[in-house]
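See structure below.
The values are calculated or read from the model by the stated rules, or taken from the named source; none is laboratory data. Fair warning: this is a prediction, and the values are worked out from it, not measured in the lab. Don't worry about glycine lacking a Cβ; one is built from the backbone with ideal geometry, like all the others, and counts go over all protein chains shown. In case anyone asks, the SASA skips ligands and DNA or RNA and just uses the protein heavy atoms, side chains included. Shrake-Rupley method; radii C 1.70, N 1.55, O 1.52, S 1.80 Å.
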Amino acid sequence: MLEDLTIKDFALIDQTTIEFSQGFTVLSGETGAGKSILIGAVSFLLGGKSDSQVIRAGTHEASVSGTFLLDGKTVRKQAAVADEDGEEESLSAQDWLGRHGIETENGRIIVRRTLRDSGKSSAWIGGTPVTRADLASFSTFLVDIHGQHEHQSLMRVSEHRKFLDARAGIVDEVNRFTVLYAALVAKRKLLDQLNTSNEDRSRRMEMYSFALQEINDAKLKSDEDIQLEEEESKLSSYEKLYADIESITGTLSGNDGSVISALRQVRRDSMHAVEMDKGLSGLDSRVESSFYEISDIADEFSAYKERLIFDPARLQEVQDRLSLIYNLKKKYASSPNASLSEVFNYAAEAQNNLDKLGAGNIDKVGLEKDIALLEKQVYIAAKALSEKRKTAGGKMSGEVETVLSLLGMPGTRFSVNVTEKSGTGMEQKCGPYGLDNIEFLISANPGSPLLPLAQIASGGELSRVMLALKTIFAETDPVETLVFDEIDTGIGGEVAVAVGSHMKNLAKNKQILCITHLASIAVYADNQIKIEKGVSDGKTSSDCHPVTGEERVKEIARMLSGEESEESLEHARSMLNKFSGGV
């Protein structure tokens, strides 16, 4: 359960701390006040992606922290992993923390995340720094956020399978099936290569052999092109280089007016000066060091000059070698300017393809046996998934219908349609997730046929279908805190009353946080937090604070009519007395 949330310099929020309670909490406020910013802050805290635009204007860092009370009885079996024996085990939030060496205090843990304007993000669980991936992993134990537009996912049939698989508890099993199916596809692809005509296979083998021979004959060395380019630059610039070195050696040690001659005189004068003033001994030592250092540099340049010989034959050899490498890159790399490593990679790939194409009938026979075995395994696994989906789909249909009747959609029929993919063979029928096409069908009016959800459902109906799905998932989902961002889209009147009543009932076993603009939902809440936007010192900011008593009556009145008239205040007080047991 989320106990408190502290937000600083996040979007329009300057600094605020909000305390949350168990049960049903409503977040309300005028349009644009920053209600969704609060949800954004929670999402950011839980490891959601973000960028520096969320940092409050004029500041350099945004931070969000929250205190969570972990209940071992309810926060269980959120993530499944494989142990050393390959058996799946369930983890609780405490298990996750224990494996990461993080301790709780009185069953509580503080989560904190910051984002600087440089783009650097930091996160802590307890006092331990963690990666964003770890934070997101741990957050799955804590909160489930239903975004403002998430119900639109119901319009995508591809998402329906994910909902059903989650309800059936077969997500991990489907993931394993996908890996098995991918192995089958890879072996079939290899078999297709081996089944190409002998002429085509011979042509390809000849091509790969020629490339491999050409690359091997070149006897390339790692980074050889870079070293040769440096050498070519030196050889082709011989005259200028020699002139520069000759000028340097002449200046340093070439005549009586050279640097060495001058330093030698300075050294003699310095030695005499020290005899008269011992306080100059430090400077004399530095003069002596400078003399020997410059003398050594002069000797090094002179030695380099003696070794500097123009070798036109070597220059031609280097240029020929670079031309060879250029042509190899042009043929076997992405471009003539690419890294030489791409040529090595092409050679390795050519060798691999030669090995495959030259495997012959022996490998082909073995491969066909492997494919036959995999096909059998895939088919059996796909059939098992299909049966579990059909069983779960039938149960899920009844559960959704029951909840929808409570949400103002009595008589609605909801069906999870599980059908086998079309095709004549197993290869055509099966896909990476099994044999099934899965689609949600609905009939919102008695006597009307079941049709695809995307064809007939209004925005309000989609919102309620999503709330129904969230409700049935909540029965088995151990996450204790559910966040709904404007679940009331497209509804009003008696339907809103039904939604409010349903969420209050759902909050008996969950902590519910809900953004709403409807008073008929807000009056059911156990707690209400108001978000307001104001201007201070020329800066716009949002503030959050709980409303109780008469202040809550005024907020409900505003939600009812946009003003605090005597009629709206009385109506608000009446609704709170009826649905929340009093002001």
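For a paramagnetic label modelled at 7 Å from the Cα of Lys305 toward its Cβ, which residues of region 256-283 fall within the zone defined by backbone nitrogen distances under 15 Å? 256-261, by backbone N distance to the label point.
In the chain, helical runs assigned H by DSSP with n ≥ 4 each contribute -39500 (n - 2.57); averaged across all residues and rounded to the nearest 500, the mean residue ellipticity at 222 nm is -17500 deg cm²/dmol.
What the Cβ-Cβ distance of Arg264 and Gln319 gives, at R0 = 41 Å and to the nearest 0.05, is a FRET efficiency of 0.35. Farthest toward the dipole's positive end in the chain, which of Ala384, Ser258, Gly98, given Cβ charges of +1 (Lys, Arg) and -1 (Asp, Glu) about the Cα centre? Result: Ala384.
Of the residues Ala243, Ser335, Ser285, the one whose Cα sits farthest toward the positive end of the charge dipole of region 232-355, with +1 on the Cβ of Lys and Arg and -1 on the Cβ of Asp and Glu, is Ser335.
Working from Cα positions, state the angle (0 to 90°, nearest 10) between the long axis of helix 459-474 and the longest principal axis of the chain. In the chain, helix 459-474 runs at an angle near 80 degrees to the longest axis. If you roll a 1.4 angstrom probe over the protein chains with everything in place, what fraction of the accessible area of the chain belongs to carbon and sulfur, to the nearest %? Answer for the chain: carbon and sulfur cover 49 percent of the accessible area.
Rounded to whole numbers, the Karplus 3J(HN,Hα) couplings from phi for region 383-391 are 4, 5, 4, 4, 5, 5, 5, 5, 5 Hz, using 6.51 cos²θ - 1.76 cosθ + 1.60 with θ = phi - 60°, and x at Gly and Pro. Working note: Karplus 6.51/-1.76/1.60 with θ = phi - 60° gives region 348-358 the couplings 5, 5, 4, 5, 5, 5, 5, 4, 5, 5, x Hz, where Gly and Pro are set to x. The solvent-accessible area of Val54, taken with every protein chain present and a 1.4 Å probe, is close to 30 Å². About its Cα centre, the dipole of the chain is roughly 2040 debye, where the only charges are +1 on Lys and Arg Cβ and -1 on Asp and Glu Cβ.
Here region 3-57 and region 186-224 have alpha carbon centers that stand 58 Å from each other.
A Förster radius of 41 Å, combined with the Cβ-Cβ distance separating Ala136 from Lys383, puts the computed FRET efficiency at roughly 0.75. Given +1 at the Cβ of Lys and Arg, -1 at the Cβ of Asp and Glu and no other charges, the dipole of region 303-433 around its Cα centre is 260 debye to the nearest 20. Entry note, the chain: relative contact order of 21 percent, from Cα contacts under 8 Å with a spacing of 6+ residues.
Taking amide hydrogens as placed 1.01 Å from N in the peptide plane, the amide H of Phe24 sits under 5 Å from those of Ile512, Asp526, Asn527, each at least 5 positions away in sequence or on another chain.
About the centre of its Cα atoms, region 262-307 shows a dipole size close to 80 debye [charges on the beta carbon of Lys, Arg (+1) and Asp, Glu (-1) only; nearest 20 debye]. Near Asp4, the amide H atoms lying under 5 Å from its own belong to Phe20, Thr67; only residues 5 or more places off or on other chains count, and H is placed 1.01 Å from N.
Please determine, in degrees from 0 to 90 and to the nearest 10, the orientation of helix 281-307 with respect to the longest principal axis defined by the Cα atoms of the chain, where the helix direction is its Cα long axis. Orientation of helix 281-307: about 80 degrees from the principal axis. Taken one residue at a time, the phi angles of region 39-53 give Karplus couplings (6.51, -1.76, 1.60, θ = phi - 60°) of 5, x, 5, 5, 4, 4, 4, 8, x, x, 5, 7, 9, 5, 5 Hz. Gly and Pro are set to x. Have a look at Ile215, Thr31, Met559 and report the one farthest towards the positive end of the charge dipole of the chain, computed about the Cα centre with Cβ charges (Lys/Arg +1, Asp/Glu -1). So the residue we want is Met559.
Pop the C-beta distance of Ser295 and Ala348 into the FRET formula with R0 = 45 Å and round what comes out to the nearest 0.05. Efficiency for this residue pair is about 0.25.
Axis of helix 224-236 versus longest Cα principal axis of the chain: the two differ by about 40°, to the nearest ten degrees. Quick check: from the Cα gyration tensor, does region 449-583 come out rounded (a/c under 1.5), prolate or oblate? It is prolate, given that a/c is not under 1.5 and a/b is the larger ratio. Taking amide H atoms as placed 1.01 Å from N in the peptide plane, the amide H of Val130 lies under 5 Å from those of Ala123, Trp124, Ile125, each 5 or more residues away in sequence or on another chain.
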